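One structure is given here, and the rest of the page talks about it.
The values are calculated or read from the model by the stated rules, or taken from the named source; none is laboratory data. This one's a predicted model, so the numbers in the text were calculated from it and none came from an experiment. FYI the Cβ positions are ideal-geometry reconstructions off the backbone, even for glycines, and counts take in every protein chain you see.
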Amino acid sequence: MASKKNQSYQPTIDAGIGLIYRLNALWNQVDYSALNGDFERWNFVLDRIYCNLLYRNNLEIIYTTDEKGRPKEIKNVSLTKEDMMIYERFRKVIRNIKMKRMDAVKKRNRATYNFLSEELYNTLMLKDIWLRKFMQENGLYLKEIQFNPANAMWGG
C-alpha cells in the first residue's frame, strides 16, 4: 500500500468559487436583514462581507527590530490605509447615529429618533452599495450579459 505521507493536497475546485458561494450566502442575509429593518444584523453581515473581500490584501505589520535590524516582535498589525479609509468612515458615522438615536430615546424625542433611523438606513444602504462596487472592482460578480432577442435565432 502506498504511503500518503509525501502527497500534497491539491484542491479540485478553484478556491474562488468557495468565496463566491460564501459571499452569495452573506448577501442573501444582507437582503433579508435590510428588508426586515434589522439594522444591527444588516450592518454586522456587511462587516462580514468586508472581511471576506479583504482576504487577498496584505496587512501592514510594524515590527520592533534587534540591533542587527531583524524583526524582534510585532508592534502593530493593521489593514492598509486604503482598505480602512472608507470602512472607518462608515463605522464612525454609523456609531454616531446610533449614539444620537439612544439619546433621542432617553429624551423621548420620537421625531429625532425617526429622523436618525432614516439616516441610519441611508448610511447602511450606502455601505451596502459600496461593498457591491468593491466586489465588482475585484471581479467577484458573475459577468453581466445582455440578451438581444433578435440574435436568439443565431445562438446569441
Of the conditions (1) surrounded by 11 or more Cβ atoms within 10 Å (Cβ to Cβ); (2) within 17 Å of the chain's Cα centre (by Cα); (3) modelled with pLDDT of 95 or more, L120 satisfies every one except a single condition; which number is it? (2)
Among the residues in the range 25-39, are any under 19 Å from D128 (Cβ atoms), surrounded by fewer than 17 Cβ atoms within 10 Å (Cβ to Cβ), under 12 Å from the mean Cα position of the chain (by Cα) and among the polar types (S, T, N, Q)? no
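Per-residue answers, yes or no, for (1) farther than 18 Å from I49 by Cα; (2) touching a residue at least 12 places away in the same chain (Cβ under 8 Å):
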site	(1), (2)
N76	yes, yes
Y87	no, yes
N96	yes, no
A104	yes, yes
Lone qualifier among R89, R56, R22 - being at pLDDT 85 or above, loosely packed, with under 15 Cβ neighbours inside 10 Å and more than 19 Å from M125 (Cα to Cα): R22
